[in-house]
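Down below is the structure, laid out as structure tokens.
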Amino acid sequence: MSDTWSVAGRTFTSRLIVGTGKYKSFEQNAAAVEASGAQIVTVAVRRVNISDPGQPMLTDFIDPKTVTYLPNTAGCFTAADAVRTLRLAREAGGWELVKLEVLGEAKTLYPDMRETLKATETLVAEGFKPMVYCVDDPIAARQLEEAGAVAIMPLGAPIGSGLGIQNRVTIRLIVEGAGVPVLVDAGVGTASDAAVAMELGCDGVLMNTAIAEAKDPIVMARAMKLAVESGRLAYLAGRMGQRRYADPSSPLAGLI
Amino acid sequence: MQETISIRVNGAHRRVAAGISVADLARELGLEPAKVAVERNLEIVPRSTLAQVAVEDGDDYEIVTFVGGG
């Protein structure tokens, strides 16, 4: 059975997107990406190190020709900064598919939706295809989609918190209302959290810290791959209904 | 003596020879022009034109690349 998803005209078989931050080494990062089966990785845009330009670079370890680089705007707190960052990213990479996140404050890293919406409109007008990090609010999600977001990426919990999906109801409402892919971005702590996102009908999950800060990131990357696949299958299979009381699995007829 | 001009690169002052191109500047910094993106006075310099655009006195450059991130 082929089960793919598409965003902005590109089709992927893996529904797991992984970050490339917080790893101990580029080697470990590359091995984790491999184990995760991810076809998309998020990357940040930063000043080159002029004092030591010979340092190894991410692109030496994770090949942008085989894995799609999704440049993000992590660390941007205004629409203007985010747009400026992505213009540079487009020039560095040569592609329009980007991840937009405009943060509201350092403490919670909660998105600033007013700035996020403004940046989405500007980016779309400039030909970008923004996948947009947002609050788990179905109305905000709809507004982003109307503005031209190519994917809606609500947080499950604050970035880097590992708390898991805090509000399944709103994530499900976003999935039901969206005409573009929905991916939970942020908050996943362990494999079951990723499975929950997929069981809710999300098209994918994006995570960084849950893998990078695991004691063994490579084993966790594989766990996440399996969890995303398993959650997706459970969603496609259609889960049983829930009951308040027991229902025996063995037949009552023929009891001795 | 060779004439020099004053510019800023990633927030730091720097003197470079007058008349060089942005591609020359990148190479002087030890960077491969194909692996970076350059913003000059808040405007992107398309990679295809790096060798044609001249560095001018007072220019402000941001030179970026992809790094690990979430």
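Here are a few things to note about the model shown:
- Sorted peptide list for B:28-34, A:30-36, criterion being average Cβ within 10 angstrom, highest first: A:30-36, B:28-34
- Estimated dipole of the protein assembly as shown in Debye, rounded to 20 [Cβ of Lys and Arg +1, of Asp and Glu -1, Cα centre]: 820
- Compared with the dominant Cα axis of chain A, that is its longest principal axis, helix A:26-36 is turned about 30°.
- For the stretch A:88-142 versus the stretch A:12-79, the gap between their alpha-carbon centres in whole angstrom: 18
- Under-5 Å amide H pairs with B:Gly69, H placed in peptide plane, nonlocal only: A:Thr20, A:Gly21, A:Ala44
- When the alpha carbon coordinates of the stretch A:6-63 are projected onto the principal axes, the ranges are 41, 24, 17 Å, largest first.
- Translational diffusion of the stretch A:93-146 was estimated from the Stokes-Einstein equation, with Rh taken as the Kirkwood radius over Cα pairs; at 10 °C and 1.306 mPa s the coefficient is 138 µm²/s.
- For the stretch A:1-97, the equivalent ellipsoid derived from the Cα gyration tensor has semi-axes of 24, 19, 12 Å, listed largest first.
- Helix-derived mean residue ellipticity, 222 nm - over chain A, DSSP H n ≥ 4, -39500 (n - 2.57), to 500: -11000 deg cm²/dmol
- Largest mean-square fluctuation among A:Val219, A:Val175, A:Val48, in a Gaussian network model of chain A whose springs join Cα atoms under 10 Å apart, belongs to A:Val48.
- When chain A is treated as a Gaussian network with alpha carbon springs shorter than 10 Å, the biggest mean-square fluctuation among A:Asp52, A:Asp137, A:Asp63 belongs to A:Asp52.
- Here the scattering of chain B is modelled by Debye summation over its C-alpha atoms, one equal scatterer each and no solvent; at q = 0.14, 0.15, 0.17 Å⁻¹ the log10 of I(q)/I(0) is -0.39, -0.45, -0.57.
- Between A and B, roughly 2400 Å² of accessible area is buried in total, ligands, DNA and RNA not counted and the probe set to 1.4 Å.
- For the peptide A:42-55, the mean number of other protein chain Cβ atoms found within 10 angstrom of a residue's Cβ is 6.
- For peptide A:91-100, the mean count of partner chain Cβ atoms within 10 Å of a residue's Cβ comes to 3.
- Here the translational diffusion coefficient of chain A follows from Stokes-Einstein with Rh set to the Kirkwood radius across Cα pairs; for 10 °C and 1.306 mPa s it amounts to 84 µm²/s.
- Computed over the Cα atoms of the stretch A:54-106, pair by distinct pair, the Kirkwood hydrodynamic radius stands at 12.2 angstrom.
- Across A:Lys65/A:Lys215; A:Lys65/A:Lys118; A:Lys22/A:Lys107, pairs whose alpha-carbon gap is larger than 25 Å: A:Lys65/A:Lys215; A:Lys65/A:Lys118
- Cβ neighbours within 10 Å from other chains - mean over B:29-38: 5
The values are calculated or read from the model by the stated rules, or taken from the named source; none is laboratory data. This structure is a prediction, so every number in the text was calculated from the model and none was measured. Every residue, glycine as well, gets a Cβ built from its backbone with ideal geometry; the counts of neighbours run over all protein chains shown. Areas reflect the complete protein model, heavy atoms only, side chains present, ligands, DNA and RNA absent. Shrake-Rupley method; radii C 1.70, N 1.55, O 1.52, S 1.80 Å.
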